[in-house]
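Visitor: I'd like to ask you about the structure that follows.
The values are calculated or read from the model by the stated rules, or taken from the named source; none is laboratory data. Quantities reported herein were computed from a predicted structural model and do not represent experimental measurements. Here the Cβ is made from the backbone with ideal geometry for all residues, glycine too, and neighbour counts use every protein chain on show.
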Amino acid sequence: MARGSDWDLTSAEDRAQTCGSKTAPGILPLEPRGLNRVKAAAYIDVCPTKFDELVQRGLMPPPKRIDRRKVWDRRKLDEAFEALPDDGSPDANSWDGVLHENA
């Protein structure tokens, strides 16, 4: 259905509810599957610069492309986050072994 004059007369708030993250009346709220860079970084609780570093190091997944947009798959972020070493595990800090050997 083409956007007609009804679309043009719709308020910005109504358009945001229809097209954005807000829930339109009668539609169940959904968690977004795709996240932009800033939201993906916030999802794993790091700043965008740190997130970029994690992606570059292969610790976080690369984005998918939707036209010109880069979008991170929330499920792949979950998998990558689960694969990160736990604090105190041998992989948490590769210098820990060196420090303990020299102590």
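Visitor: Consider region 54-91. How many of its residues are assigned to a loop (DSSP other than H, G, I, E, B), surrounded by 10 or more Cβ atoms within 10 Å (Cβ to Cβ) and at pLDDT 95 or above?
Guide: Residues that pass the stated criteria total 6.
Visitor: What pairs can you find where one residue is in region 57-70 and closer than 12 Å to Asn36 by Cβ, the other is modelled with pLDDT of 95 or more and among the aliphatic types (A, V, I, L, M), and their Cβ atoms are less than 7 Å apart, with a gap of 6+ or different chains?
Guide: If the second residue must be modelled with pLDDT of 95 or more and among the aliphatic types (A, V, I, L, M), the pairs left are Pro63/Val71; Lys64/Val71.
Visitor: Could you list, in sequence order, the residues of region 41-53 that are part of a helix (DSSP H, G or I) and without any contact (Cβ under 8 Å) to a residue 24 or more places away in the chain?
Guide: Across region 41-53, the qualifying residues are Ala41, Ala42, Pro48, Thr49, Lys50, Phe51, Asp52, Glu53.
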